[in-house]
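Asks: Below is a structure I'd like to ask you about.
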Amino acid sequence: MHSKVIGSLVSGALLLALLPLLQLPTFYETLLYLIFHWIVLSVSWNILSGYSGYFSFGHGAFYGVGVYTTAVLCGHADWSFLASLPVAALVAALFGVALGAVVFRVKRLRGELFALMTLAITFVVSMVILNTPIDGGPGIYLSNVQVPHVYGSPSSTFYLLALVLALLTLLVAYLVYSGQLGLGLFAIHDDEDVAEVQGVPTYRYKLIALGISCGLAGLAGGVQALFVSYVTVGEIFNMVVPLYVMLMSVLGGVRHWAGPAVGAIFITILLYSFTSGDMAVVGRALVGFSLIAVILFMPLGIVGQWLARRRRLGAVPALPKAVPPQAIAHSAPAHGELFRAVGIDKNFNGVQALAGVDLVVRSGEILGLVGPNGSGKSTMVNVITGFYKPDRGQLWFAEQDLVPQPSYRAAQLGIARTYQIPRPYQNLTVLQNVVLPGLFGAQSLPMPQARGQAMHWLEFVGLADRANSYPTELNLHQRKFLELARALANAPRLVLLDEVLAGLTPTEIEHAIRTVRIIRDRGSAILFIEHNMRAVLELSDRLMVLNHGKVIANGPPREVVRQPDVISAYLGAGAASS
Ligand code: ADP
Ligand code: MG
């Protein structure tokens, strides 16, 4: 698959590289230059914004940084044009990463806030360039800068340069898309919190995507600087670039690496078919109308719609062959203690969800955890997986202190969970949902193995025939088993099952209980949170009871359920029968 796509891209580019031999009128070479230019800008924008969903209005700023880097180096410092291009890419990428390092730290800055933030940055950058010696107001002339002689006229040279950049950008976009980085970004798009809990280093991934995106935009900017040969802040830092790249990407489809390129070709041709005077207005109006039509009738964009249609007609990707994983390594500590929480406190604006909870899980055991609704069970799971940091207390897993580590580390160390209400990645297939924990979990498998093992886990939970479906096409029972498959694909040493049985029919419950036992027998310890008392008593080696965030009992299950304070707190609350 890889070699096929890369092969077609490269051979397509080689063919196009022969075009200047035809000695076409400059108009056509210039039009093609502009198409490639917009392909680079829109496809690079999509690597961050389309894949991860962080819509950025700042692409014009990064592009502009590239433009001005080349303009200053060539126009003021007499650099050669080609030598300035890698610097333009580097400066734009570094600028993006520095910015991202600040912006991505603020967890609230998602969605609209992130978009507004990047918009503001564009204005700040243009003000700085305008009011400092970088530009200072009059703009920078590049008419004396030598256009490198590649083949034929300068317009052929620009055509070839832009062709190479477009090829490079498409290759990068494809490789990101089809690899681990891409899957991580798509997971961030669908549910960033779950992605982090499953081991995706979300902060770093967003930074990398932003860096790549900015670097490519900077390259396009560097070439454009010489192409226009006179740059001004007003011409470069307006809303044209951010708006057009968004338009092109949405039109072509943001969920595919090639979508924005298709949109770029379409819109650029439309705009430049109507160049003269009044006709330019017609071109813009047509672009506007086509966008409205696409949003109304083709929300997936051209490429997305085409893929969805092929899928309806039965063209689905080939499934990998199931590869059974190796048994889980029993490197359990000598005293058999896999996990220990000591004195955990967690407070939510005055609600004391956990108050001094001590909890030990021994390797190979099933620890039942019960308690009335709101007693803090799910909060405990969130603390163990690193999603919430405890206000006080310690967390030890396989001799490692979890508290100071970033959230995604828990998954990488081998802690996996299921969600009480399933939280699959909606826009990833069932198979991709299970591939992800294989890549990012305790085994950090390479892609082919992760796919093979994911297929194994889908067979294990009985979802193999749904591998190419999307989670929305599954019923609740299937979604619960998808949660289980995702947890298992991590190759976890500790599995936290948060009410996996809730909402299942008695037969499904039987099936689930058998499955939980097999998971334990494979070598994972299990924290089993459940309201169904029969299942708890059947499965648990030990039972703990939480009430108002405090442990009120801990011991052999049948003894614990006979304790008077447990009966009054929990069984008395009427939950025993449910
Ligand atoms: P359980 O899973 O045992 O039903 P939870 O752990 O979900 O209980 O909740 C424990 C308490 O903490 C409840 O009072 C709940 O309202 C509160 N709580 C849990 N998560 C949050 C949150 N993110 N923000 C505010 N309060 C929360
Ligand atoms: Mg809960």
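Asks: Can you give me the solvent accessible area of Glu112 with a 1.4 Å probe, rounded to the nearest 10 Å²?
Replies: Answer for Glu112: close to 140 Å² accessible.
Asks: OK, next. When the helices in the chain are scored as -39500 (n - 2.57) per DSSP H run of 4 or longer and the sum is shared across all residues, what 222 nm value do you end up with, to the nearest 500 deg cm²/dmol?
Replies: Helix-only estimate at 222 nm: -18000 deg cm²/dmol.
Asks: By how many degrees, between 0 and 90 and to the nearest 10, does the Cα long axis of helix 240-252 differ from the longest principal axis of the chain?
Replies: The helix 240-252 is inclined about 60 degrees to the chain.
Asks: Next question. Considering segment 266-396, what Rg and Dmax in Å follow from its alpha-carbon atoms?
Replies: Final numbers for Rg and Dmax: 28.9, 82 Å.
Asks: So if I take the centroid of the Cα atoms in segment 297-317 and the same for segment 195-260, what is the distance between those two points in Å?
Replies: Using only Cα atoms to place each centre, the spacing works out to 25 Å.
Asks: When each pair of different Cα atoms in segment 259-319 is counted once in the 1/r mean, what is the Kirkwood radius in angstroms, to one decimal?
Replies: In segment 259-319 this quantity evaluates to 13.2 Å.
Asks: Pairs Lys377/Lys480; Lys206/Lys377; Lys389/Lys550; Lys107/Lys321; Lys321/Lys480; Lys206/Lys321: which are spaced more than 27 Å apart, C-alpha to C-alpha?
Replies: Lys206/Lys377; Lys107/Lys321; Lys206/Lys321
Asks: Give me the net charge for the shell around Phe114: Cβ to Cβ below 13 angstrom, other residues only, Lys and Arg +1, Asp and Glu -1.
Replies: Net charge in that neighbourhood comes out at +3.
Asks: For segment 34-160, divide the Cα radius of gyration by the Kirkwood radius and give the resulting Rg/Rh value with two decimals.
Replies: Values: Rg = 16.4 Å, Rh = 16.2 Å.
Checking Rg against Rh, the ratio lands at 1.01.
Asks: A follow-up question, please. Can you run phi through the Karplus equation (6.51, -1.76, 1.60; θ = phi - 60°) for segment 396-403 and list ³J(HN,Hα) in whole Hz, with x for Gly and Pro?
Replies: So the J values, rounded to whole Hz, are 10, 10, 6, 6, 10, 7, 7, 4.
Asks: Continuing with this model, one more query. How big is segment 204-351 by Rg and Dmax over its Cα atoms, in Å?
Replies: Taking only Cα atoms of segment 204-351, I get Rg and Dmax of 25.4, 82 Å.
Asks: Could you state the angle between the C-alpha long axis of helix 81-103 and the longest principal axis of the C-alpha atoms of the chain, as a value from 0 to 90 degrees rounded to the nearest 10?
Replies: 30
Asks: Let me ask something else about it. Quick one: which residues, 5 or more positions from Leu338 or on another chain, have an amide H under 5 Å from its amide H? H modelled 1.01 Å from N in the peptide plane, none for Pro or chain starts.
Replies: Val361, Arg362, Ser363
Asks: Solvent-accessible area per residue for segment 483-527 at a 1.4 Å probe radius, Å²?
Replies: 29
Asks: Still on this structure: Hey, can you rank 175-182, 559-566, 14-21 by average C-beta count inside 10 Å, highest first?
Replies: For the peptides 175-182, 559-566, 14-21, the packing ranking is 175-182, 559-566, 14-21.
Asks: Ordering His548, His189 from largest to smallest accessible area (1.4 angstrom probe), what's the sequence?
Replies: His548, His189
Asks: On a 0 to 90 degree scale, rounded to 10, what angle separates helix 111-130 from the longest Cα axis of the chain?
Replies: Here the helix axis deviates by roughly 40 degrees.
Asks: Largest first and to the nearest Å, give the Cα extent of segment 36-84 along each principal axis.
Replies: Principal axes ranked by extent give 40, 19, 13 Å for the Cα atoms.
Asks: While we're here: Provide the packing ranking of 386-395, 312-321, 466-475, 412-421, i.e. peptides ordered by the mean count of other C-beta atoms within 10 Å per residue, highest first.
Replies: Listed from highest to lowest mean packing, they are 412-421, 386-395, 466-475, 312-321.
Asks: Can you tell me which of 25-35, 287-297 comes out highest on packing, and rank the rest after it, using the mean Cβ neighbours within 10 Å?
Replies: Working: 25-35: 17.5, 287-297: 13.1.
In decreasing order of mean packing, 25-35, 287-297 become 25-35, 287-297.
Asks: Between Leu496 and residues 5 or more places away or on another chain, which pairs have amide H atoms under 5 Å apart, with H built 1.01 Å from N, and which residues are they?
Replies: Ala416, Arg417, Thr418, Leu527
Asks: Could you work out Rg/(2.2 N^0.38 Å) for segment 331-403, with Rg from alpha carbons only?
Replies: Working: Rg = 12.5 Å, N = 73, 2.2 N^0.38 = 11.2 Å.
After normalising by residue count via 2.2 N^0.38 Å, the value is 1.11.
Asks: Roughly how many percent of the accessible protein surface of the chain is carbon and sulfur, given a 1.4 Å probe and a whole-percent answer?
Replies: 63
Asks: In whole Hz and in residue order, list the ³J(HN,Hα) couplings for segment 19-33 that follow from phi through the Karplus curve 6.51 cos²θ - 1.76 cosθ + 1.60, θ = phi - 60°; x for Gly and Pro.
Replies: Computed from phi, the couplings for segment 19-33 are 3, x, 4, 6, 6, 5, x, 3, 3, 6, 5, 5, 4, 5, 4 Hz.
Asks: So what is log10(I(q)/I(0)) for the chain at q = 0.06, 0.09, 0.13 1/Å, when the Debye sum runs over its Cα atoms only?
Replies: Treating every Cα as an identical point scatterer, log10 I(q)/I(0) equals -0.39, -0.77, -1.23.
Asks: Could I ask something else about it? Apply the Karplus parameterisation 6.51 cos²θ - 1.76 cosθ + 1.60, with θ equal to phi minus 60°, to every residue of segment 203-216 and state each ³J(HN,Hα) to the nearest whole Hz, in sequence, with x for glycine and proline.
Replies: For segment 203-216, the Karplus curve yields 4, 5, 5, 5, 4, 4, 4, 5, x, 4, 4, 5, x, 5 Hz.
Asks: Also: Kindly report the accessible area of segment 361-460 per residue (heavy atoms of protein chains, probe 1.4 Å, no ligands, DNA or RNA), in Å².
Replies: Heavy-atom SASA per residue in segment 361-460 reads 35 Å².
The values are calculated or read from the model by the stated rules, or taken from the named source; none is laboratory data. Only a predicted model underlies this, so the values are computations on that prediction, with no experimental measurement involved. Positions of Cβ are generated from backbone atoms using ideal geometry, with glycine treated the same way; all protein chains shown enter the neighbour counts. The protein model used for the area step is the full one, side chains on, heavy atoms only, and it has no ligands, DNA or RNA in it. Shrake-Rupley method; radii C 1.70, N 1.55, O 1.52, S 1.80 Å.
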